[in-house]
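Data first, discussion second: the structure below is written as C-alpha cells.
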Amino acid sequence: MASLTKPRLMTRSPLQKWLQHGDLPFRIIILGSALILLGLMIGVGLMLWLASGPTRTRFGLGFVTGAEWNPTGDIFGAVPFIVGTLATSLIALVVAVPLGVAIAIFLSELCPQRLRAPLGMMVELLAAIPSVVYGVWGIFVFIPSVVQPVGDFLSNTLGVALPLFQGPFFGSSLLAAGLILSVMILPTISAISRDVLLAVPQAQREASLGLGSTRWEMIWKAMLPYALSGILGAIILGLGRALGETMAVTMTIGNVTQLPSSVLNPGYSMASVIANEWGESRTELYASALLQIGLLLFFMSLILNLLARLLVWSVSRKNPEQRA
Amino acid sequence: MVRPAPARLISSSSRRQSRRIVNGIMLGLTGLATLLALIPLIWIIASVLINGAPALSVDFFTQTFAPTDVGGGGILHAIVGSGILIGLASLMAIPVGVLGAFYIANHQNTPLGLAMRFGTDVLSGLPSIVVGLFVYTIAVAGHGYTAFSGAVALAIMMLPVVLRTTEEMLKLVPRSLNEASLGLGAPVWKTSLVVLLPAALTGIVTGIMLAIARVAGETAPLLFTAQGNNVFSTDLGQPIAALPLVLFKYATDPDPVRNTQAWGISFIIVVFVLVLNIGARLLTSQRTRR
C-alpha cells in the first residue's frame, strides 16, 4: 500500500508563532488606539495646568475671588466671568428643565407610536445645529423679535421692584444668552430623560394604574420618583453643555467686563472671554489667565460628567432587563 | 372606645372630576411643550433659508475674499479650507476611533476598558473651546497657527463620536459570527477586519457622518489653531480659512453686506449638517427595520 503523503495541517514558522499569526500586532494596534483616547483625556488637563502656571503663581486663589479684570494693569480676577457663566446657565436651566422633562414624558408615555420617532428626531436636530449658527440667528432674529420685548416687559414690571430685572436694556444681555442656551440644551435634557423614562419597568406603570390613578398621577407619583436620579443626570449633562457653550454666547451676551447686577445687563461668560480676548492677549500672563479659565471649564465639565453618568447609570442598573 | 372613622374607599365624584381635569391639563401641557420645542427648530431653519438664499450666487462659491466696496467676493477659500480641515481630521479620527472601539468592545469589564469608556464620555462632553486651548498648547505655541493643528482639534472632537458608535455597533454583531470565524481557524485580526467590521459597517458609517456633522460647524477650537485666513491657501503649515470662522467674523461685522454673506454661509453649513444628520438617521432606521 502506497503511503499517503502526510497532509500539511499547520504551517507555523517560529516568527508567525511568535506574532500569533498577526494577532499580536493587531492587539498592540487596537490597544494603542484606545490608549490615545486616555492620553488625550489626561493630556488636556495636564497641558492646561502647565500652561496656566504663571497665573496660579501670581494670583493663587485670588484668581477665582478677584472681581477686577484689567489686562493693561496685569490684574486678572475671573469673578465677572464665573458669574456670567453661572447666571446664563441658570436661566437656561429654568427654561429648559420643565420643557425638556415635559417633552420626555410626552415622547415616552403619550405620543402615538408612529409620531414618536419623527418628533424625537426633530427635537434632537436642535442639537445638530452649530453653535455659531445659533449666534447668527440670535443676533439678527431672536434678540430683536423675542428678547427685546421680553426684556422691556420684565424691566417695566418686575424691574420696578427687583434690581435683578432692572434695565437699561439693549438686547445683548445675560437674558439673551441664557434663552438661546435653553434652546441648545433642550435636546440633551429631553432625549436622555426620555431614555430614562422608557427604562422604568412596565410593572411600575401597571401597578399605579391598577390602584386607580389617572395617567398623570401614574407619571407624577410612580414614574418620576423612580426615574428622578436619571433625570437629574440629564439635567446635569445639559448644564455641562451650557457652561462650555462658546460661540452662541459670545455673539449674544454683550461682552462687557463688569459684574452684572441684573439679567438685563450685558456680561461675559468664561468661554466667551477666552474666545473674544484670545487675539488680544499679548503678554504671557494674559494668555495664561485665559488658559486658567479654560482649565476651570475643564474641571467643571469633568466633575459634571462624572456625576451625570453615575446618576443615569443608577437608573438603568435598577432595571437590568430594559436598557436605558 | 372610639371607633375610627371608616376610610373613604371611593373618592367623591367632585374629587374624581378634579383629578380628571388635572390629568387632562398636565397631559395637554406635555404635548404643548413638544410643539413649543419645534418652533425654534423650524424658525432657525426658515430664517437661515430665507436670509441665506439671496447671498448665494456663482461668484459666492467661486471667488475668494474681497473688500465689500468691490462686492465682497466669495467664500471659495473657506470652502476649500473647511474641506481640508474636515478631510484631514477624518483621516486621523476614523482609523483611531474604529480600531480603539475594537479594544473597548473586547474589554468590556476590565478596569482599563471601563476607564476608556468613561474617557469617551468625558471627551465628548468636553467644551470645544477647551479642546482648542489644549491643541494650542501642544501644537501651536511656539510654532504659530497652522491648518494642521486645526485638523488635530477637529479630530479630537470627532474621535469620541466615531469610537462610541463603532463600539455600539460591534456589540450588536451576533456572537455566533465571531465564533464561527474563529472556529474556522481565522486569526483574531482577520475575524475583526474581514467579518466583524463589514457586519457593523452601516452603523460605523452613520457614526462617521454624525462625527463630520458635529465638527462641520465647530468654530471655537479653530480660533486657537487654524485661526482663519483671507487668502486662498492649501498649505498645512499656514493659517487656513474655514466656513464657521468666516461666518463668525462676518456676522459680527457692522457692514450689512458681510451680514448677508454670513447668512449665506449659515445656509451652506445648516444644509450640510442637516443632510448628514437626517441621512445618518435614515441609514440606521433602515438597518433596524431589516
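Dividing the radius of gyration of the alpha carbons in chain A by their Kirkwood radius gives 1.15 for Rg/Rh.
With the gyration tensor restricted to C-alpha atoms of region B:50-96, the semi-axes of the equivalent ellipsoid amount to 29, 13, 7 Å, longest first. Apply the a/c threshold of 1.5 to the C-alpha gyration tensor of chain B and tell me whether it is rounded, prolate or oblate. Oblate is the answer for chain B, as a/c is 1.5 or above yet b/c matches or exceeds a/b. Scalar couplings 3J(HN,Hα) for region B:194-210, obtained by applying the Karplus form with A = 6.51, B = -1.76, C = 1.60 to θ = phi - 60°, are 9, 9, 6, 4, x, 5, 9, 4, 3, x, 5, 4, 4, x, 5, 4, 5 Hz; x denotes Gly and Pro.
Across region A:31-92, Cα-Cα pairs farther apart than 16 Å form 63% of the total.
For chain B, the residue among B:135, B:183, B:82 whose Cα projects farthest onto the positive side of the dipole built from Cβ charges is B:183. With respect to chain B, whose longest principal axis is taken over its alpha-carbon atoms, helix B:13-52 is tilted by about 10°.
Using the alpha carbons alone, the radius of gyration of region B:227-271 stands to its Kirkwood radius in an Rg to Rh ratio of 1.02. Kirkwood hydrodynamic radius of region A:210-291, from the reciprocal of the average inverse Cα-Cα distance over all distinct pairs: 16.3 Å.
Distance distribution note for the protein assembly as shown: the fraction of Cα pairs above 46 angstrom is 22%. Quarter the surface of the alpha carbon convex hull of region A:82-127 and you get the mean projected area, 3.6 square nanometres.
Pairwise Cα distances in region B:129-275 exceed 28 Å in 39 percent of cases. The GluC sites (Glu not before Pro) of region B:127-204 include none that meets both criteria, a DSSP state outside H, G, I, E and B (loop) and at most 14 other C-beta atoms within 10 angstrom of the site's C-beta.
The alpha carbons of region A:103-213 occupy a box of 55, 35, 18 Å along the principal axes, longest dimension given first. Selection among A:112, A:131, A:95 by position relative to the dipole of the protein assembly as shown gives A:112 as farthest towards the positive end (Cβ unit charges, Cα centre). Computed over the alpha-carbon atoms, region B:136-180 gives an Rg to Rh ratio of 1.35, Rh here being the Kirkwood radius from the mean inverse distance.
Residues whose amide H falls under 5 Å from that of residue A:76, counting only those 5 or more places apart or on a different chain, are A:70, with hydrogens built in the peptide plane. Sorted from greatest to least, the principal axis extents spanned by the alpha carbons of region A:143-196 come out as 43, 23, 14 Å. Can you compute log10 of I(q)/I(0) for region B:97-170 with the Debye formula, treating each Cα as one identical point scatterer, at q = 0.12, 0.15, 0.18, 0.23 Å⁻¹? Debye curve over Cα of region B:97-170, log10 I(q)/I(0) at q = 0.12, 0.15, 0.18, 0.23 Å⁻¹: -0.38, -0.56, -0.73, -0.95.
Applied to region A:163-174, the Karplus parametrisation 6.51 cos²θ - 1.76 cosθ + 1.60 on θ = phi - 60° returns per-residue 3J(HN,Hα) values of x, 4, 10, 7, x, x, 10, 10, x, 4, 6, 4 Hz, with x for Gly and Pro. Annotation: for a label point projected 7 angstrom from Cα along Cα→Cβ of residue A:50, no residues of region B:191-222 have a backbone N closer than 20 Å.
Can you count the Lys pairs in the protein assembly as shown whose Cα atoms are under 29 Å apart, with each pair 8 or more apart or on different chains? For the protein assembly as shown, the number of qualifying lysine pairs is 6. If you take the alpha carbon atoms of region A:255-300 and fit the smallest convex hull around them, that volume is 78 Å³ per residue.
Between residue B:73 and B:66, the built amide H atoms are under 5 Å apart, and every one of these is 5 or more places off in sequence or on another chain.
For region A:180-253, the convex hull spanned by the alpha carbon atoms encloses 80 Å³ per residue.
So what is the 222 nm mean residue ellipticity for chain A from helices alone, if each DSSP H run of at least 4 adds -39500 (n - 2.57) and you divide by all residues, rounding to the nearest 500 deg cm²/dmol?
Calculated at 222 nm, the ellipticity per residue is -21000 deg cm²/dmol.
Each peptide in A:59-69, A:211-221 receives the mean, over its residues, of other Cβ atoms within 10 Å, and ordering these scores from highest gives A:211-221, A:59-69.
FYI, it's all coordinate maths here, none of it is from the lab. Keep in mind the model is a prediction, meaning the values are calculated, not measured. Backbone-built Cβ (ideal geometry, glycine too); neighbour counts: all protein chains shown.
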